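Bear in mind that the values in this text are calculations on the coordinates, not laboratory data. These numbers come from a predicted model, not from an experiment. Cβ placement follows ideal geometry from the backbone for every residue including glycine, while neighbour counts extend to all protein chains displayed.
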Ligand code: SF4
Ligand code: SF4
């Protein structure tokens, strides 16, 4: 775990943006767009969501303005790091017909641009670790993901304002970060505790006008972290993996299917979901085609299509597939849970379905 031994005053925060920009990074950070916090390009600290809080609950996400001078007094928005690394839609290869009518296959390279992301949460880092394990840690490497991952610089910020939907404290993925970042901040009223978690982060830190952090500042940051964990009320049931696999015929699957719209929002906002489909996009004149990868969801018809049939034809089977994979068979497959407790699927579900509630009902911890 990095020691945040240094203090960066709020009025010097711009220097961090400038140092990363001079080092060739495109800076992405939290911005308010269409009523939500999203990661977008920025060059000035004043463009960050100063004093903005988020209020999240099942099926609801709202921003509120306060008179706080904090930049990171919110929990999360609909995007984690996933869309920056694992693109929602991208070309994998092209094929072109030459003058003799032969097909030539053209390799596509990632648009990998050095990118520094500000405001990364511990659950976002945990989500990225899960995706790393799927996409670049085994025999089959995803070159497009790897190319972007290698030039990513993360400025993580410990959570001080978790939302009502967060449960990272119970999954062990937050609210403070302990690995996987380049720089780690804890935001205080007057500025930031700051520490480096990588050689690249150390080089950036050396260029900042920092002081030694005081005991009082360390105390305040520690209290914030404790509070951020204590206010979280949601949690998954004990032994959730076994609970779900032992209850594949539980009546709750049918009940939740009566509410679920099979819209796939939960899988789109989830930082760990990786399902995708590959599609052809041929030119009308037949001279070239592009082969694309697009995010898919276990809630679509096509996802469970095998020759001649859709094997999960109804919402009951699709929701059960999602929850049992995320919380149980993912562990068998990858050695870790597919859920990092970010709560996005709860807030962004249009009908407010809450996976912690569903799992606890199935476990018998809450009345059906
Ligand atoms: S399942 Fe829900 S709470 Fe868990 S990581 Fe995915 S979006 Fe976050
Ligand atoms: S659980 Fe909610 S977000 Fe997920 S598919 Fe069903 S209605 Fe959509």
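Wrap a convex hull around the Cα atoms of the range 6-230, take a quarter of its surface area, and give that in square nanometres. Let's see the in-between values first.
Details: hull surface 61.8 nm².
Average of the hull's projected areas for the range 6-230 equals 15.4 nm².
Cβ-to-Cβ counts within 10 Å put 296, 211, 12 in ascending order as 211, 12, 296, the fewest first. Applying 0.36 nm per residue to the separation of residue 38 and residue 222 and subtracting their alpha-carbon distance, the gain on full extension is 63.5 nm.
Applying 0.36 nm per residue to the separation of residue 90 and residue 63 and subtracting their alpha-carbon distance, the gain on full extension is 6.6 nm.
Find the eigenvalues of the gyration tensor of the Cα atoms of the range 309-368, then list the square roots of 5 times those eigenvalues as equivalent ellipsoid semi-axes, largest first, in whole angstrom.
Values: eigenvalues 67, 57, 36 Å².
That gives 18, 17, 13 Å for the three semi-axes.
Using the Kirkwood radius over Cα pairs, work out the Stokes-Einstein diffusion coefficient for the range 245-326 at 25 °C and 0.890 mPa s, in µm²/s as a whole number. All intermediate terms of the calculation are to be shown ahead of the outcome.
On the way: Rh = 14.5 Å.
After rounding, the answer is 169 µm²/s.
Assuming R0 = 35 Å, can you tell me the calculated FRET efficiency for the pair residue 10 and residue 368, based on Cβ-Cβ distance, to the nearest 0.05? Let's see the in-between values first.
On the way: r = 50 Å, r/R0 = 1.43.
After rounding, the FRET efficiency stands at 0.10.
Dividing the radius of gyration of the alpha carbons in the range 189-315 by their Kirkwood radius gives 1.17 for Rg/Rh.
Just need the relative contact order of the chain here, percent rounded to a whole number, with Cα pairs under 8 Å and 6+ apart. Could you put the intermediate results ahead of the total?
Working: 737 pairs, mean separation 81.7, N = 368.
Once normalised by length, the contact order is 22 percent.
Packing, taken as the mean count of other beta carbons within 10 Å per residue, orders the peptides 299-307, 18-26 from highest to lowest as 18-26, 299-307.
The calculated FRET efficiency for the pair residue 106 and residue 235, based on their C-beta separation and a Förster distance of 51 Å, comes to about 0.55.
Spin-label model, residue 99 to residue 114: label points 7 Å out along the Cα-to-beta-carbon direction sit 4.3 nm apart.
Calculate the tail of P(r) for the range 163-244: the fraction of all Cα-Cα distances greater than 18 Å, expressed in %. Each step should come with its number before you reach the end.
Details: 1860 of 3321 pairs.
Roughly 56 percent, once rounded to a whole number.
Centroid-to-centroid, using Cα positions, the range 238-263 and the range 292-368 are 9 Å apart.
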